[in-house]
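Report on the following structure.
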Amino acid sequence: MTKRIAIIGAGAAGLTAAWRLRNAPCEVQVFEKSRGYTGRAATRSHGTVRYDFGANYITGPPARIRQLLTDTLPHDALATIDPPVWTFGKQGNREPGDPESNAAPRWTYARGINTLGKLLVEEGTLSVQRTTRIHHLTRTNGAWHVHPEQGEAQGPFDAVLCTPPAPQIASMLQQSTADADHEAHLQQCIAALEAATYAPQFAYVFGLAAPLQRPEPFHALLNIDRAHPIAWMSIEDDKPGRVPSGQSVVSAQMSPAWTTERVDDDPAAYTPTVHALAADVLGVPLQPLAWTDAHRWRYAAPTEAAPDAPLDAAHEVGLYFAGDYRVGKGRVALAMDSGWTQAERIRVVIEPR
Ligand SMILES: Cc1cc2nc3c(=O)[nH]c(=O)nc-3n(C[C@H](O)[C@H](O)[C@H](O)COP(=O)(O)OP(=O)(O)OC[C@H]3O[C@@H](n4cnc5c(N)ncnc54)[C@H](O)[C@@H]3O)c2cc1C
């Protein structure tokens, strides 16, 4: 019988795992709650403008992920962002950034960072069921079923790979059941996932009806003393194919501390405040303002990884876990690498020796 694998989440980790399993002797079905691919590596449109409102670029890939990005997948739309990242402090003083960090390539795609997900799906002919939020899992007679919030349960699956942010997987597993012998695995995984911590971030985007006159030649500004409400600002104009000439798009991502105090509020309520703060950091007015966007990332980036041992022990019952919470750092490339690692573990079990 062909083995069947369910992957929950079509983010960087889930799609990389599905890609890695594409030629394995198994059927892989990915379930994604949203309409898009690549999760927090997210792109939106405003008219003809395209902008990233989660991850800005891919950096620091382990060798196998770099090869996937720059060699294996089509790379005509892959581009590096060349202007450097500068820094700023609480007082707004802008300084050139770390030369070593600035020398490392920062990749994006011409039509948006979410092109990565589209390429993995198209080139890998992956099967992704979108707008399908998995509510819980059940395990009976050695096989898993996944239960969407709406619609029929799907299965049986020999293995399930879970890739949403750790707190979301923990609440999914809290609703899940396994045969009595294996219930302990679920409880141990929940405890491990609850040990992972995340920082929230509100993200803002400002569309300008004229080109921004930036005071220095930076692509982005990083707050290094972590004492400013803004953690990061960057200019989408530096990414090819995003912003028509005569316009500018500036993005501002707020510090975890500032966001935590407001995380249950509507982020749009703070747009005027952030607009003023952002102009102050840039040292130039963000005018004429044509449009804005605001987004809450409740689980923007992990600050503490989940412990490996309980999650790896669950392989025994066909449960696998991948995502940035396994590395404790919010990085697209590391999430991809984690998906790859878990796909390798699944392959060991399903491939004939
Ligand atoms: C504001 C911001 C800025 C960032 N900047 C950078 C950057 O510049 N560079 C960088 O490398 N990284 C950056 N990161 C971090 C990076 O985006 C993440 O580390 C990475 O994308 C995580 O990938 P993942 O696959 O682990 O998780 P996710 O991208 O969260 O993917 C999980 C997927 O699971 C889906 N899902 C969740 N629950 C369910 C369910 N119940 N059923 C079905 N599907 C479900 C989600 O919709 C999502 O698509 C940033 C993140 C944020 C938020």
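Okay, here's what the table says:
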{"quantity": "Failed criterion for Asp337 (all others in (1) among the charged types (D, E, K, R); (2) in the same structural domain as Val263 (by TED's automatic domain parsing); (3) buried (at least 21 other Cβ atoms within 10 Å of the Cβ) hold)", "calculated": "(2)"}
{"quantity": "Qualifying residue in region 192-205 (condition: more than 30 Å from Ala252 (Cα to Cα) and not charged (D, E, K, R))", "calculated": "yes"}
{"quantity": "Exclusive hit being aliphatic (A, V, I, L, M) and more than 30 Å from Ala153 (Cα to Cα), set Ala24, Ala63, Ala12", "calculated": "Ala63"}
{"quantity": "Residue count for region 174-196, restricted to those that are buried (at least 20 other Cβ atoms within 10 Å of the Cβ) and either under 23 Å from Trp340 (Cβ atoms) or among the hydroxyl-bearing types (Ser, Thr, Tyr) (or both)", "calculated": "5"}
{"quantity": "Restricting region 204-237 to residues that are aliphatic (A, V, I, L, M) and in a loop (DSSP other than H, G, I, E, B), the residue that is nearest to Ala278 (Cα to Cα)", "calculated": "Leu212"}
{"quantity": "First in region 62-77 and loosely packed, with under 12 Cβ neighbours inside 10 Å, second anywhere and not acidic (Asp, Glu), Cβ under 8 Å, 6 or more apart", "calculated": "Pro74/Leu119"}
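The values are calculated or read from the model by the stated rules, or taken from the named source; none is laboratory data. All of these numbers come straight from a predicted model, not from anything done at the bench. A quick note on method: Cβ atoms are made from the backbone with ideal geometry, for glycine too, and the neighbour counts reach across all protein chains shown.
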